[in-house]
Amino acid sequence: MSCTSARQGAPRCREPDSVRGRGGPKRAMTLAPPLVSVLVLLGIVAGVSCGGGPEGPEDESEFAAARELMVATQIEARGVRAPRVLAAMRRVPRHRFVPAPLREAAYGDTPLPIGLGQTISQPYIVAVMTEALAPGPGDVVLEVGTGSGYQAAVLAQLVKRVYTIELLAPLAERARAVLAGEGITNVEVEVGDGWKGLPAHAPYDGILVTAAPDVVPQALLDQLAIGGRLIVPVGKDEQELRLITRTEHGFETRTVFEVRFVPLVREVE
């Protein structure tokens, strides 16, 4: 984690997968919730297990209320308007996709560690990227970087089929188990190198990448259907979220805003 001077108030700490601006005036980045800060200070976050179920009884009504508040204050208030996306964000229990020790922080305005150096993205980022993809009920989409499985679960509410690929087998296995436990049957989790995409099921109506390559992988462009959209964070130290649309004549690219993601890991050849 590094710190940068925010445009409003004191310097803020930068977390992976957090927003550095979205059009117009730049929005200052948010601080991690107190629980996460304490865990970082204690050095616990680095050792968070990829597994872990509920620890003791949980009050689902409290989590549901936190989810409603998350959507209202973090997502809808910042400009996400697509009704189906908002409904999906309200429906998917984010706390089920984070390690048990961090569940109380699941609906905070921040990414969270999920083990093996990876994170579950800030809720706002999940919503923005999903809305940018413009998913339709009949779409088949590819997610690169399964991670916790949360983004795939959100997409599953909106499309016909989700294929998601994860290089780190322990994360893939846990995501597969959580998705099954939530009764989500239209997601297929594969273990492999996301830089290569998943050509067996191409072309895709949409491709969503949850970690940052330094350049856009050519394989992902090749696997995008005509009219399909690719939403991907690109860069190393300085990153931007790009929306790429494939047309009959090539590709059209639009920069959404600056972001900060963990790198997209690839196989060593």
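Taking segment 146-175 on its own, how many of its residues are among the charged types (D, E, K, R) and either under 15 Å from the mean Cα position of the chain (by Cα) or over 19 Å from residue 119 (Cβ atoms) (or both)?
Filtering segment 146-175 for residues among the charged types (D, E, K, R) gives 160-161, 166, 173-174.
Narrowing the set further to residues that are either under 15 Å from the mean Cα position of the chain (by Cα) or over 19 Å from residue 119 (Cβ atoms) (or both) leaves 160-161, 166.
Final tally of qualifying residues: 3.
Of all residues being in a strand (DSSP E or B) and in contact with a Pro (Cβ under 7 Å, 6 or more places away or on another chain) in segment 247-269, which is surrounded by the most Cβ atoms within 10 Å (Cβ to Cβ)? Just the residue, please.
Let us first name the residues in segment 247-269 that are in a strand (DSSP E or B), namely 247, 250-260, 263.
Remaining after also requiring in contact with a Pro (Cβ under 7 Å, 6 or more places away or on another chain): 259-260.
On the way: 259: 26, 260: 24.
Per the criteria, the residue is 259.
The condition of being touching a helix residue (DSSP H, G or I) at 6+ places or on another chain (Cβ under 7 Å), closer than 15 Å to residue 80 by Cβ and among the hydrophobic types (A, V, I, L, M, F, W, C) holds for only one of 127, 134, 106, 153, that being 127. Provide a single number: the residues in segment 116-144 that are crowded, with 20+ Cβ neighbours inside 10 Å and modelled with pLDDT under 95. The qualifying residues number 2.
Assessment of segment 197-209 against the conditions (in contact (Cβ under 8 Å) with a residue 12 or more places away in the chain, more than 15 Å from residue 162 (Cβ to Cβ) and either of a type in the set (A, V, I, L, M) or in a strand (DSSP E or B) (or both)) yields no matching residue.
Confirm whether residue 242 is crowded, with 19+ Cβ neighbours inside 10 Å, farther than 23 Å from residue 115 by Cβ and not aromatic (Phe, Trp, Tyr).
Details: crowded, with 19+ Cβ neighbours inside 10 Å: yes; farther than 23 Å from residue 115 by Cβ: yes; not aromatic (Phe, Trp, Tyr): yes.
Considered against the rule, which asks whether it is crowded, with 19+ Cβ neighbours inside 10 Å, farther than 23 Å from residue 115 by Cβ and not aromatic (Phe, Trp, Tyr), residue 242 comes out as yes.
On inspection, residue 191 passes the criterion of being closer than 25 Å to residue 156 by Cβ, aliphatic (A, V, I, L, M) and surrounded by 15 or more Cβ atoms within 10 Å (Cβ to Cβ).
Evaluated against (1) touching a residue at least 12 places away in the same chain (Cβ under 8 Å); (2) not in a strand (DSSP E or B), residue 244 falls short on exactly one condition, (2).
In segment 151-174, what residues are touching a residue at least 40 places away in the same chain (Cβ under 8 Å), closer than 24 Å to residue 136 by Cα and of a type in the set (A, V, I, L, M)? Residues satisfying the conditions are 153, 154, 155, 158, 159.
The values are calculated or read from the model by the stated rules, or taken from the named source; none is laboratory data. The shown structure was predicted, so the numbers you read here are calculated from the model rather than taken from an experiment. Every residue, glycine among them, receives a Cβ derived from its backbone with ideal geometry; neighbour counts consider all protein chains shown.
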